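Down below is the structure, laid out as structure tokens.
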Amino acid sequence: MADEENNKETVPDVEVDLNDEEDPVDDKPVDDKPAPSSPTAGGLTTPTEVVAASKAWFAEAKGFAYVELCSLVLMFSCIADFQNGTNGLLIYAIIVAVFSLAACLGIQTAEYMKPGFLEKNEKMVSLAMLLWWAVGAWVITFRGPFTVTSNGYFSAWGGLLFTFKWALHMDTTQFTSLPYDRKLLLLLSLTGMIEVFACIKPLIDNYQTGQAAWGMTVGAITFFLCGFLFKGYVNVKHIILKVTAGVLFTMWATVAGCKYTVLSL
């Protein structure tokens, strides 16, 4: 009987000891390692997190990404021209590019940091940028420093075109859904219009008037002919498109030859 009483007294001691040994195991924290999406030691983020954040930041510029691209091209075109000396028009052109790029990056970052910013301010900003690029494109391509076709010339008009699309919220899905031939006709018509504008300055300055007049003529023909074919594309026979392509190729080859000769002088 004495042994049984001793065993009963030792049972609680054994249970207490077991609980004491299990408590540290139960209290041990489960999450020793940081979650993949949380910052690691030292305040740095994982590569996956950096990529995801960068994609989200770039996605905020979907409405004006090409405006940023044109700003970059214009800025680098101006920097390349600095080796030939600086003047007021060149400085103005780089101001147009830098201000446009800074404004776009600013609202892009603001939207990323505070969602909803663009919804409240995009209309006002896009209209202001449209006016900014309208004046800038006119000065840059008609007064200087890019009065002839070049990277700076095309980026100036590109900036105006894409801010126009941005400000008016033009839907480009209609263009992307067009048949391949109709896309080419529309782009050729746009190219012809650009060529017409590019030839105005040499004619005003009485510089290489023959080449400029021919370039303007080819541009105008391309603009109206391709516009007409684009409009009546359904009723146009395929052979007519092929003949038109051959004629336009020949005409534009002579225009390119004239411009190469002028630039080589």
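The values are calculated or read from the model by the stated rules, or taken from the named source; none is laboratory data. From a predicted model like this one, the values you see are computed outputs, not experimental measurements. No Cβ is skipped: glycine too gets one built from the backbone with ideal geometry, and neighbour counts run over all protein chains shown. For the accessible areas, the whole protein counts, side chains as well, though only heavy atoms, and no ligand, DNA or RNA atoms are used. Shrake-Rupley method; radii C 1.70, N 1.55, O 1.52, S 1.80 Å.
Okay, residues lined up against (1) at positive phi; (2) of a type in the set (F, W, Y); (3) open to solvent by 70 Å² or more (accessible area, probe 1.4 Å):
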residue	(1), (2), (3)
S189	no, no, no
L203	no, no, no
A212	no, no, no
Y233	no, yes, no
K237	no, no, yes
L241	no, no, no
G257	no, no, no
Pick from the range 30-74, criterion open to solvent by less than 80 Å² (accessible area, probe 1.4 Å) and among the aromatic types (F, W, Y), ranking: modelled with the lowest pLDDT
W57
Some residue of the range 120-133 being open to solvent by 50 Å² or more (accessible area, probe 1.4 Å), within 23 Å of K62 (Cα to Cα) and modelled with pLDDT under 90:
yes
Within the range 135-144, can you find the residues that are open to solvent by less than 40 Å² (accessible area, probe 1.4 Å) and more than 12 Å from F197 (Cα to Cα)?
G136, V139, I140, G144
Is the range 152-164 home to any residue that is surrounded by fewer than 21 Cβ atoms within 10 Å (Cβ to Cβ), closer than 30 Å to V234 by Cβ and in contact (Cβ under 8 Å) with a residue 12 or more places away in the chain?
yes
I'd like to check which helices (runs of 4 or more DSSP H) are fully inside the range 106-187 and have at least 1 residues that are within 19 Å of V73 (Cβ to Cβ) and under 19 Å from the mean Cα position of the chain (by Cα).
117-138, 151-168
Pick out the one residue from V247, V218 that is hydrophobic (A, V, I, L, M, F, W, C) and free of Cβ contacts under 8 Å to residues at least 12 places away in the same chain.
V247
Selection status of I95, open to solvent by 70 Å² or more (accessible area, probe 1.4 Å), more than 19 Å from A134 (Cβ to Cβ) and at pLDDT 90 or above:
no
Contact list, first residue from the range 46-65 and on the phi < 0 side of the Ramachandran plot and small (G, A, S), second anywhere and exposed (fewer than 15 other Cβ atoms within 10 Å of the Cβ) and in a helix (DSSP H, G or I), beta-carbon distance below 8 Å, six or more apart or interchain, is A65/F58
Any pair with Cβ under 7 angstrom, 6 or more apart, that starts in the range 184-195 at a residue that is of a type in the set (F, W, Y) and ends at one that is open to solvent by less than 50 Å² (accessible area, probe 1.4 Å)
none
Take V148 and decide whether it is crowded, with 17+ Cβ neighbours inside 10 Å, in contact with a Lys or Arg (Cβ under 8 Å, 6 or more places away or on another chain) and either farther than 23 Å from F64 by Cβ or modelled with pLDDT of 90 or more (or both).
yes
